[in-house]
1. So what's region 44-83 giving for Rg/Rh, alpha carbon basis, Kirkwood Rh from the mean inverse pair distance?
2. Counting only helical runs of four or more DSSP H residues, what would the 222 nm mean residue ellipticity of the chain come to if each run contributes -39,500 (n - 2.57) and the total is spread over all its residues?
3. How many lysine pairs does the chain hold where the Cα atoms are under 27 Å apart and the two sit 8 or more places apart or on different chains?
4. If you line up the long axis of helix 2-83 against the longest principal axis of the chain, both from Cα atoms, how many degrees apart are they, to the nearest 10?
5. Quick one: net charge of Ser34's neighbours, Cβ under 14 Å, K/R +1, D/E -1?
6. How far apart, in nm, are the 7 Å Cα→Cβ label points at Glu67 and Glu35?
7. Tell me the Rg and the Dmax, in Å, that the Cα atoms of the chain produce.
8. Between Met1 and Arg28, how high is the FRET efficiency from 1/(1 + (r/R0)^6) when r is the Cβ-Cβ distance and R₀ = 41 Å? Nearest 0.05.
Amino acid sequence: MMEEFNRLVAQQMDTMDRLLFLQSEMERCNKVKSELLKLQEETMAEDILDKIGRMNKELQEIEKVFESQTVELIRVYRSSKICT
């Protein structure tokens, strides 16, 4: 009877060891997962900031083109007005 009790206690201790190990591994994996998600969010934020930067540059270029077109339009209008 005592041998069976000792066997059951040893079996339960083994199970407890596995349980504690798996719990600690789950905690570690969840921390790694959180870090990966944070890095992914940072990467996405960097990508978005890069895209905004490219769009701002394109907007500035378009504004310059529009401004030069406006200047040319005014010049042509004035010269045609003078000619008529």
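Every number in this text was worked out from the coordinates using simple rules, so none of it is lab data. No experiment lies behind these values; they were computed from the predicted model shown. We place every Cβ from the backbone using ideal geometry, glycine too, and count neighbours over all the protein chains shown.
1. Reported Rg/Rh, Kirkwood definition of Rh: 1.42.
2. Mean residue ellipticity, 222 nm, calculated: -37500 deg cm²/dmol.
3. 4
4. 0 degrees
5. 0
6. According to this spin-label approximation, the distance is 4.8 nm.
7. 35.9, 122
8. It comes out at approximately 0.50.
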